[in-house]
Amino acid sequence: SISDDKENAPDRRGAAYVLAVQPARVVMYVPGAGVRPFHFATTFHAASSQEDVYTEAARGSVVAALNGFNACLLCYGQTGSGKTHTVFGPEGTLDATERHLAELARLGRVSGPDRLTLPERLPATCGMVLRACAEVLEAAHYLQGSSHPSREEDCGASLSVSAQYVEIYQNDVTDLVSGHPVHLPHTSSWQYSNHSKLQGASEVSLHNMHDVVEVLRLGEMRKRFAATAMNSRSSRAHTVFLLTLTQTNGTQMIVSHLHLVDLAGCEQIKRSKVEGVHKSEAIGINSSLLTLGKCITSLVEGRSHVPYLESRLTMLLKAAFGGNSQTTVIVTGSMDDHNADATLQAMRFGEQCSMITNQTRISSNSVEEAISSIDEVLARCEHGISNLTARGKTHLPSFAKLNERYQQVLGKRRQLSTIASAKIKDGGPSTA
């Protein structure tokens, strides 16, 4: 009980500290307020495995995305508290995953009735991204019938999976696959259901776990890290791994998105002892996290204005807080008394997040409607390209960006046309 925690608490007046981590709450001593419990859906100790965290905290969001809903998994906490470890895994995880997949292939345990369960198919160190991708791809293979050859009936549905991988550094968004800048439309009417908001970001089709590892490896090469007094490998930017799931059945199409977000850690400059560029990075990280906190406070208090447009991070996460998304926030903290103030701030952040209500809905369209919408975008791009060409402005960066956008949308149209043609060839959806 709280009274027992208070009686057993050592005398540390003037400083916050963690008293206990219990199954569904963290109990802290807060100066000026006394013993204070923070309630959560579940809690994990340092000894908890990656599989435990994924099963209890992340799998629900993956299932929601597979059922056609938008979902977001977001990790928040102080620098060095284990966010990147939880989302991606420790250093060496990608190498371990490749070796593991190669060994399973050698043993013939990748497909067929003798295939392994998810925990057995991946190394124990794998974080949420690799585990989520494995489950989503398993669902795609199941619908295709490739992983269950004994199935006698074809359900008529298919699932295609693609990924985008971006970094938000100093309020600039960069594609971690290509290294190119990414544009977020600066508009208050922006909608989460339109995944093309990451304009300029490569969209990579995922067919197996080797594709996933390749995308993550490209991202690791471009991510920004630095050693500080608080973390030997501190992330200097927020990273977002976006899965787009496109499900078709006949002419009906459902598109859902799963955002997996690793926020850079909030950082006390006097403790991290960073200088120069790294000090500027820390200020930028703290500024964007402050804006995120302001947005959450505005939502909790029911204010008419929420300052989403004050940073690229909050623009990208707009629907995750108060929008069309099933959002899970994983808060990481430290039991160390020296980090208690930051842990207290993280607990308060998590508590505020739990007070926000989102409304999720399935985004369902026909393939024909989706193609029609894409044709409208292509027409606008063609008009802009023709206009710039006629004025002799093909040397401008805006022309190159517009042409790149045109090629990306054209590629998406070809994918949908292939789906539509396949359905027509199969005779379309059956009717009673």
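The values are calculated or read from the model by the stated rules, or taken from the named source; none is laboratory data. In this text the structure is predicted, and so the values were computed from the model without any measurement. FYI the Cβ positions are ideal-geometry reconstructions off the backbone, even for glycines, and counts take in every protein chain you see. Each accessible area value is taken on the protein alone, full model and side chains, heavy atoms only, with ligands, DNA and RNA left out. Shrake-Rupley method; radii C 1.70, N 1.55, O 1.52, S 1.80 Å.
Return the carbon/sulfur percentage of the accessible area of the range 288-418, one whole number, probe 1.4 Å, all protein chains in place.
On the range 288-418, the fraction of accessible area on carbon and sulfur atoms equals 50 percent.
Given a 1.4 Å probe and heavy atoms of the protein chains only, how would you sort Met128, Met221, Met355, Met209, largest accessible area at the top?
Met221, Met355, Met209, Met128
Got a number for the accessible area of Lys393? Probe 1.4 Å, square angstrom, nearest 10.
Per-residue accessible area (Lys393): approximately 70 Å².
Tell me, what is the FRET efficiency for Leu309 and Gln359 to the nearest 0.05, using R0 = 22 angstrom and their Cβ-Cβ distance as r?
In this case the efficiency is close to 0.55.
How high is the FRET efficiency between Ser373 and Glu56 when r is their beta carbon distance and R₀ equals 41 Å, given to the nearest 0.05?
The calculated FRET efficiency here is 0.60.
Which order do Ser288, Ser160, Ser304 take when ranked by solvent-accessible area (1.4 Å probe, heavy atoms of all protein chains), largest first?
The ranking, largest first, comes out as Ser304, Ser160, Ser288.
Rounded to the nearest 0.05, what FRET efficiency do Met221 and Glu301 have when you use their Cβ-Cβ distance and R0 = 45 Å?
Efficiency computed from Cβ-Cβ geometry: 0.60.
Please list the non-local residues whose amide H lies under 5 Å from the amide H of His180, H modeled 1.01 Å from N, same-chain partners needing a gap of 5 or more.
Residues meeting the amide H criterion: Asp175.
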